[in-house]
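Just below is one structure, and these are the notes that go with it.
Readers should treat all values here as calculations from the given coordinates under stated rules, not as data from a laboratory. This structure is a prediction, so every number in the text was calculated from the model and none was measured. So basically every Cβ, Gly included, is an ideal-geometry build from the backbone, and we count neighbours across all protein chains shown.
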Amino acid sequence: MSNFHLAQQYIRYLLKGQSRFYLHSPFVFQLVQEVFRDKRQFYAYQDIENLRKGLLGRSDSITIQDLGAGSRVNATTTRRIDKMVKEVAITPKYGKLLFRLINHFKPKSMLELGTSLGISALYQAKANPNITFLTIEGAPQLAQLAQQNFTRLKADNIELIVGNFDDHLPQVLEGLESLDYVFIDGNHRKEPTLSYFEQCLKKASNEALFIFDDIHWSPEMTECWKTICEHPQVTVSIDLYRMGLVFFRQEQAKQHFILWF
Ligand SMILES: C[S@@+](CC[C@H](N)C(=O)[O-])C[C@H]1O[C@@H](n2cnc3c(N)ncnc32)[C@H](O)[C@@H]1O
């Protein structure tokens with residue numbers, strides 16, 4: 001991770017970002033109005049944030065095997081739970097955004113790469129409780145904690161798969177008729193991320209939404225995000241700085257947006 005790169009990308013984001021008043025795409029304008037700016041407090045938010053509070057009070061550590069590009073701050077294998085929640089788990093602001101996106105689009109199939117302690121999985125699964133939410137985590141110790149969190153919040157629609165994305169993603173995709181939603185939040189390197197993208201793309205429905213976390217985490221992730229946006233099958237791409245959203249709707253003109261969020 002380079003702080004210089006992050007700062008540079010953030011300045012670019014602020015300078016190039018658009019407010020909703022200048023949006024020329026009715027699809028994106030509607031998305032901003034109805035989803036990004038939706039201030040309602042949904043029933044699940046409080047439960048998930050209470051769970052986060054409990055985890056933030058845990059100073060015990062677990063030993064984990066890091067299969068990805070490492071954490072932003074600490075790539076060692078023994079990690080304090082409170083620190084992991086602070087450094088790795090999705091923030092309330094973005095967790096709630098994922099909830100609202102799923103609540104809005106109501107995908108019929110949902111997948112996440114990178115469960116960690118399960119905070120983002122809970123936000124997403126709770127938004128669409130009648131649909132199975134598949135999430136893959138490579139570190140068994142983390143998966144065990146995540147499973148406890150799912151049980152505590154009675155998130156019965158989450159199916160947690162333990163193992164490397166490389167081993168499990170092909171099989172998971174084979175089991176799906178089509179893919180409407182994926183959140184890619186693990187192994188933040190260019191080549192693996194592009195490989196997950198390409199694999200998921202083969203199953204993407206016209207209405208699918210793919211979300212990539214940490215798109216400006218490093219120069220190679222910025223490059224990766226650019227490659228994804230330029231892919232001929234991607235029509236609408238939205239850069240929120242922290243995460244990137246892509247749509248494949250053929251009825252939309254190809255357009256890239258950098259939006260202040
Ligand atoms: C950023 S964390 C996920 C955070 C979580 N989505 C949240 O917001 O609460 C990324 C996770 O992906 C897992 N991971 C990274 N590379 C992996 C790989 N190749 N296979 C399986 N899991 C992997 C790591 O163990 C880590 O727990």
task = Six or more apart or on different chains, Cβ under 7 Å: which pairs go from a residue in region 80-102 that's more than 20 Å from Q41 (Cβ to Cβ) to one that's basic (K, R) and surrounded by fewer than 18 Cβ atoms within 10 Å (Cβ to Cβ)? Could you list them?
result = I81/R58; D82/R58; E87/R72
inquiry  = Would you confirm whether or not region 106-120 contains a residue that is in a helix (DSSP H, G or I) and in contact with an Asp or Glu (Cβ under 8 Å, 6 or more places away or on another chain)?
reply    = yes
task = From the list A127, A143, pick out the single residue that is of a type in the set (A, V, I, L, M) and under 22 Å from E87 (Cα atoms).
result = A143
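With respect to A143, is the statement that it is in contact (Cβ under 8 Å) with a residue 40 or more places away in the chain and either near the ligand (Cβ under 9 Å from one of its atoms) or within 25 Å of Y196 (Cα to Cα) (or both) true? Step through it out loud before you land on a result.
On the way: in contact (Cβ under 8 Å) with a residue 40 or more places away in the chain: no; either near the ligand (Cβ under 9 Å from one of its atoms) or within 25 Å of Y196 (Cα to Cα) (or both): yes.
Against the criterion (in contact (Cβ under 8 Å) with a residue 40 or more places away in the chain and either near the ligand (Cβ under 9 Å from one of its atoms) or within 25 Å of Y196 (Cα to Cα) (or both)), A143 does not qualify.
Return yes when F4 is closer than 24 Å to I102 by Cβ and among the hydrophobic types (A, V, I, L, M, F, W, C) and no when it is not. Reasoning before the result, please.
On the way: closer than 24 Å to I102 by Cβ: no; among the hydrophobic types (A, V, I, L, M, F, W, C): yes.
Against the criterion (closer than 24 Å to I102 by Cβ and among the hydrophobic types (A, V, I, L, M, F, W, C)), F4 does not qualify.
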ask   = If you go through region 152-207 one residue at a time, how many are of a type in the set (V, I, T) and either within 15 Å of V234 (Cβ to Cβ) or more than 14 Å from the ligand (Cβ to nearest atom) (or both)?
value = 3
message = Tell me yes or no: at least one residue of region 119-134 is within 13 Å of the ligand (Cβ to nearest atom) and under 21 Å from W225 (Cβ atoms).
response = yes
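Could you list, in sequence order, all residues of region 125-172 that are polar (S, T, N, Q) and out of contact with any strand residue (DSSP E or B) (no Cβ under 6 Å at 6 or more places or on another chain)?
In the first step, residues of region 125-172 are kept if they are polar (S, T, N, Q); the result is 128, 130, 132, 135, 141, 144, 147-149, 151, 157, 164, 171.
Residues satisfying the conditions are N128, N130, Q144, Q148, N149, T151, N164, Q171.
What about M221, is it crowded, with 19+ Cβ neighbours inside 10 Å and either of a type in the set (K, R) or closer than 24 Å to N103 by Cα (or both)? So that I can check it myself, show each step before the final result.
On the way: crowded, with 19+ Cβ neighbours inside 10 Å: yes; either of a type in the set (K, R) or closer than 24 Å to N103 by Cα (or both): no.
No; evaluated as a whole, the condition is false for this residue.
Select, from I131, I136, the only residue that is part of a loop (DSSP other than H, G, I, E, B) and among the β-branched types (V, I, T). Even if it seems obvious, please write down each step before you answer.
Working: I136 fails: part of a loop (DSSP other than H, G, I, E, B).
So the residue among I131, I136 that is part of a loop (DSSP other than H, G, I, E, B) and among the β-branched types (V, I, T) is I131.
Do we find that S116 is among the polar types (S, T, N, Q), within 13 Å of the ligand (Cβ to nearest atom) and farther than 15 Å from D47 by Cα in this structure?
Values: among the polar types (S, T, N, Q): yes; within 13 Å of the ligand (Cβ to nearest atom): yes; farther than 15 Å from D47 by Cα: yes.
Yes.
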key: helices (runs of 4 or more DSSP H) fully within region 1-61 counting 3 or more residues that are without any contact (Cβ under 8 Å) to a residue 24 or more places away in the chain and hydrophobic (A, V, I, L, M, F, W, C)   = 3-16
